[in-house]
Amino acid sequence: MKWHIQWPAFVLALVGVVFFAADRLTRTPAVVHSVSDGRQEISIPAARDGHYYLEGSVNGVPLRFMVDTGATYVSVSEEFARKAKLPEGITGYFSTANGNVEGRIVKGQVIEAEGFRATGLSVAVTPLGGKQGLLGQNFLRRFEVSQSRGEMRLRLAE
């Protein structure tokens, strides 16, 4: 009788492991290249979940960013802020997909994504968890952003 319970649990666990491994192995990284007018461009393939991700850092501390064209600021979790030793900042209130939350805004930070660096940016620190940050408009406004057929392109603005 026990086998009837253990077998489905084993199959579900195996499917989870295979899905996790397949997602990690099939992840296509963003590519930075120059285009005909000499400006640099980042090509980002959509992930399985439909979002676009870039590898980067805040003040040199590595972080994976989800590109969020609807976010005002680059945002990180409280846990990451501690790890990156971000200063206290000022209280801020943010509208998120999970509702309104209180957090803080830390000014004057260095953000890097796929080799593109911006200094003096404000970072929103929110209590919402997560292993990745959000790459918001205060970073993205340096680029012309386009999206087509499962690919996002960030071209350095003139």
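Observations, loosely collected:
- Cα-based shape type of the stretch 112-153, given that a ≥ b ≥ c are square roots of the gyration tensor eigenvalues and the cut on a/c is 1.5: oblate
- Whole-number D in µm² s⁻¹ for the stretch 61-158, Kirkwood Cα-pair radius fed into Stokes-Einstein, 20 °C, 1.002 mPa s: 154
- By definition, a body whose alpha carbon gyration tensor gives a ≥ b ≥ c is oblate when a/c is 1.5 or more and a/b is not larger than b/c, and the stretch 66-117 fits this oblate description.
Every number in this text was worked out from the coordinates using simple rules, so none of it is lab data. Since we're looking at a predicted model, the values are computed, not measured.
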